[in-house]
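FYI, it's all coordinate maths here, none of it is from the lab. These figures come from a predicted structure and were not determined experimentally. Neighbour counts are summed over all protein chains in view; Cβ atoms, including those assigned to glycine, are modelled from backbone coordinates with ideal geometry.
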Amino acid sequence: MKSSDIDQELFTESYCKVCSAQLISESQRVAHYESRKHASKVRLYYMLHPIDGGCPAKKLRSENGSDGDSVDKNKCCTLCNMSFTSAVVAESHYQGKIHAKRLKLLLGEQPALKAT
């Protein structure tokens, strides 16, 4: 299957499968497909689903290759389904609230509710 065939399956005039977005009008479709959020999700999708059908983790492995099957934490957070452009961005994410919240949910802890 060619990449253009895959693109036609993922991005139609009325639905974006990568973002799970229903596109009602022409202006909404144009705005969605040109948005940064859509571009980010598409990059992550292609990183996790390579066109050649190879193992997705191969594109994410650390460059020294000594970690075996592990994914490079400076390139992708599998818990939050995010990819990073640099180690600084990755570190900022790992110290942030969103990652901490998802980690707590994964470990089975209840997130703290804010008192009013």
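Here are some notes:
- Mean Cα-pair separation over length for the stretch 9-52, i.e. relative contact order, pairs under 8 Å, 6 or more apart, %: 25
- Taking amide hydrogens as placed 1.01 Å from N in the peptide plane, the amide H of residue 21 sits under 5 Å from those of 16, each at least 5 positions away in sequence or on another chain.
- A simple rule links phi to the HN-Hα coupling: the Karplus curve 6.51 cos²θ - 1.76 cosθ + 1.60 with θ = phi - 60°, which for the stretch 73-78 gives 5, 7, 10, 7, 10, 5 Hz, with x for Gly and Pro.
- In the structure shown, the pairs 73/104; 37/101; 17/104; 17/37 are assessed against 24 Å; a Cα-Cα span above that value is assigned to 17/104.
- FRET E, pair residue 7, residue 27, Förster distance 25 Å, beta-carbon r, rounded to 0.05: 0.75
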